[in-house]
1. G77: at pLDDT 95 or above, out of contact with any Pro (no Cβ under 8 Å at 6 or more places or on another chain) and more than 19 Å from A136 (Cβ to Cβ), yes or no?
2. Only one of (1) at pLDDT 50 or above; (2) part of a loop (DSSP other than H, G, I, E, B); (3) of a type in the set (S, T, N, Q) is not met by T9, so which one is it?
3. Name the helices (runs of 4 or more DSSP H) wholly inside region 145-261 in which the number of residues that are of a type in the set (S, T, Y) is 1 or more.
4. What's the number of the only condition in (1) under 19 Å from the mean Cα position of the chain (by Cα); (2) open to solvent by 10 Å² or more (accessible area, probe 1.4 Å) that A114 fails to meet?
5. If a residue must be in contact with a Phe, Trp or Tyr (Cβ under 9 Å, 6 or more places away or on another chain) and over 21 Å from R64 (Cα atoms), how many such residues does region 123-155 contain?
6. Of the residues E158, E173, only one is within 25 Å of S255 (Cβ to Cβ), open to solvent by less than 30 Å² (accessible area, probe 1.4 Å) and either among the charged types (D, E, K, R) or free of Cβ contacts under 8 Å to residues at least 60 places away in the same chain (or both); which?
7. Of all residues in region 73-96 being over 29 Å from E63 (Cβ atoms) and part of a helix (DSSP H, G or I), which is least open to solvent (accessible area, probe 1.4 Å)?
8. What number of residues in region 205-230 are open to solvent by 10 Å² or more (accessible area, probe 1.4 Å) and among the small types (G, A, S)?
Amino acid sequence: MTLASTRPTSRPSTPHVLVQAPAPPQSSNSPDHAIRDLAVVIASVNGWSLLEGTLRSLDALPERSRIEVIVVDAVGGTDRERIAAHRPTVTLIPAERHFPSGQFAIPQLRAVGARLASASIVAILEDHVEVEPAWADTVLRILNAPDHPFAAVAGPVENGCAGYVNLAAFLTEYARYMAPLVDGAATDLPGNNIAYRRPHLLRHGQVLEEGRWESWVNDRLREEGQTLATANAMAVRHVKPFQLLDFLRQRFDFSRSFAGMRRRDQSPARRLVYGLGSLGLPALLLARLIRILVRKRRIEQGVWPAIPLVLLMLMVGACGEMIGYLIGPG
C-alpha cells in the first residue's frame, strides 16, 4: 500500500488495449540508421518548455554521438515543430500514429519508443529531468560490464526547483531516490531515471503496453532471478515546477490510477483491506520520509516549512488510493 514514484499526465487506457505494432518513424528529423550504444526514450507530455532542458542536458554529454534520443510526442503543434528542428537530431514519433483514439498512458508511449530503439541498452527518462555529466558513461559502463550482469540500472533523482511547493512535491514523490543510493544491487529503482538491457525490457514490454509503470517490469525481472542495480553517478535533476492545486489534483488522479492497476490482481477482500488501510498511509509515509531525510543527512532548516505541505499531499494521495482500490481507476 505504498504510493508510487512516477506520475501520469494522461489517464491509462483500458487494461486490455495494447500498443499498436509500431511503424518506422517518419520524422524529417530522424537520425540515420546507425546503431547507437544507448537509446534514450522520452514520452513528451509536458511541452517544449520542459523538454528543451532535458534534450540540452543530453546534448552536453561527451557520449552524445553514441546516443539515440527517441521522443514520443503527445503534445503536437508548435512544440512538435521545435522538437523536429532540434539539433543534434532526435527521432520524433507522433503519438497519434500509434494511438489514433488519443487514449494512452505514459508507459505505452515509452513502450513504442523502446520497440523502435536500435541500441542494446534502452534508458527511460521523464521529459522534465536534466542528466548530470557522468550519466551516460555510468549507464554504459555498468550495463556493458561482463562481470556485472545487471538487467537494469537506475540513479538518484534530485530536486531542481526552488520554492516550498516544489520541494514538498519532490519530497512526496522522490525522497527515497535522493542520493546517496546503494552503488550496486538494489530492489527499489526510480522509474524516471532507469536503463535496461533492451532484451530484458522488451521481454516484458507488454507490461508497459498495458499502461503499467516500470516498477511492474522490475518486479517481473526480479521474479526471473535478474539482478537490478543503482548507481550514484547516474544522477538527474527534477526540474518541473508545480502549482499546489494542480499537484494535488494530479496526485489524487495518479494515486487512484496506481491503486486501480493493483486492484486488477486482487480479490474483493484484499481490495477492501487495502482500500481501508490507505487511510493510515499519510502518517506512515510521513514518518518514513523523515527517517529517509535523517538517514540521507538531508535534514536542513529549509526542509521543515515544506513538511505540512508534504502531509497534505500524502493525505490527498491516500484518498485517491482508497477510491482506486474500492472502486477502480476511473
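1. It is true that G77 is at pLDDT 95 or above, out of contact with any Pro (no Cβ under 8 Å at 6 or more places or on another chain) and more than 19 Å from A136 (Cβ to Cβ).
2. Status for T9: all satisfied but (1).
3. Qualifying helices (runs of 4 or more DSSP H): 164-174, 214-223.
4. Unmet condition: (2).
5. 1
6. So the residue among E158, E173 that is within 25 Å of S255 (Cβ to Cβ), open to solvent by less than 30 Å² (accessible area, probe 1.4 Å) and either among the charged types (D, E, K, R) or free of Cβ contacts under 8 Å to residues at least 60 places away in the same chain (or both) is E173.
7. The qualifying residue least open to solvent (accessible area, probe 1.4 Å) is G77.
8. 2
The values are calculated or read from the model by the stated rules, or taken from the named source; none is laboratory data. Since the structure is predicted, the reported quantities are computational estimates derived from the model, not experimental observations. Because the Cβ atoms are built from the backbone with ideal geometry, glycine has one as well, and the counts that use them run over all protein chains shown. Please note that ligands, DNA and RNA were not included when accessible areas were found on the heavy atoms of the full protein model with its side chains. Shrake-Rupley method; radii C 1.70, N 1.55, O 1.52, S 1.80 Å.
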